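The values are calculated or read from the model by the stated rules, or taken from the named source; none is laboratory data. All values derive from a computational prediction rather than experimental measurement. Here the Cβ positions follow ideal geometry from the backbone for every residue, glycine too, while neighbour counts run over all protein chains shown.
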Amino acid sequence: MALAGFTISLPLEIRQTTTLKLPGLLAIAPNSQTCATAPFPTECRTAEQSLPYILASFKTYNIKSPAVQAALISLMAYESGDFVYNQNHFPGVPGQGTRNMQSPTYNALYATYLGFENSPTGAELIAAVGDDEYTFASAAWFLITQCGFAVMENMSGGSRAAWEAYLTGCVGTTVDTGRVAYWERAIAALGVPIRA
């Protein structure tokens, strides 16, 4: 099944790009070097396995700002435990998953966007959107289709306030020390100066 194409035209001030390398991704998600001790080995991906899909997601959804890329990578790494998990096991919400642990509601929208028929639910939903091509692209899809351009543009400058607004106002989660640590590592790995 072909992934539906989606591109947007960005203002010149955020038409940037970056090429994340493996050492940078390992710096962001330091426990992603191996899947040897993963509790669900079929879900786990190493940084080396994850990197091509992350970069492909940026290309598919035209995510060129390093600051925005850092926000998406930090979200995925945090939510998936350094890419160990692809679905919610704690407490085990049926249909919740992908690398950014989207809710079943958003995964259903994502499945529709990808062209899956019959509105799958539960385990079928995770199977539909859980292929590496899709699961690593879900964070970018969510940003573009559910948060919108203004949120992405706001984050492009690399400010912590804009990143926090993205998490609390669009993703619908809280900012804690763990999230901050992932974001700071991602910002550093992508060479973005941190602003307040």
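Points to keep in mind about this one:
- Here residue 49 qualifies as touching a residue at least 24 places away in the same chain (Cβ under 8 Å), assigned to a helix (DSSP H, G or I), of a type in the set (S, T, N, Q) and farther than 21 Å from residue 153 by Cβ.
- Restricting attention to the range 154-196, the residues being touching a residue at least 40 places away in the same chain (Cβ under 8 Å), part of a helix (DSSP H, G or I) and of a type outside the set (Gly, Ala, Ser) number 10.
Results for (1) within 13 Å of the chain's Cα centre (by Cα); (2) surrounded by fewer than 23 Cβ atoms within 10 Å (Cβ to Cβ); (3) farther than 17 Å from residue 190 by Cβ, shown as yes or no for each residue.
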{"residue": "70", "(1), (2), (3)": "yes, no, no"}
{"residue": "77", "(1), (2), (3)": "yes, no, no"}
{"residue": "81", "(1), (2), (3)": "yes, yes, yes"}
{"residue": "86", "(1), (2), (3)": "yes, no, yes"}
{"residue": "89", "(1), (2), (3)": "no, yes, yes"}
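- For residue 13, the criteria (1) at pLDDT below 95; (2) outside any helix (DSSP H, G or I) hold in every case but one, which is (2).
- Qualifying position, being of a type outside the set (S, T, N, Q), under 16 Å from residue 80 (Cβ atoms) and either at pLDDT below 95 or within 16 Å of the chain's Cα centre (by Cα) (or both), among 134, 166: 134
- Among residues of the range 33-68 being surrounded by fewer than 24 Cβ atoms within 10 Å (Cβ to Cβ) and of a type in the set (S, T, N, Q), the one that is farthest from the chain's Cα centre (by Cα) is 37.
- Filter result (outside any helix (DSSP H, G or I), in contact (Cβ under 8 Å) with a residue 24 or more places away in the chain and either touching a strand residue (DSSP E or B) at 6+ places or on another chain (Cβ under 9 Å) or closer than 21 Å to residue 37 by Cα (or both)) within the range 101-135: 130
- Any hit, the range 67-75, residues being polar (S, T, N, Q) and either modelled with pLDDT under 95 or touching an Asp or Glu at 6+ places or on another chain (Cβ under 7 Å) (or both): no
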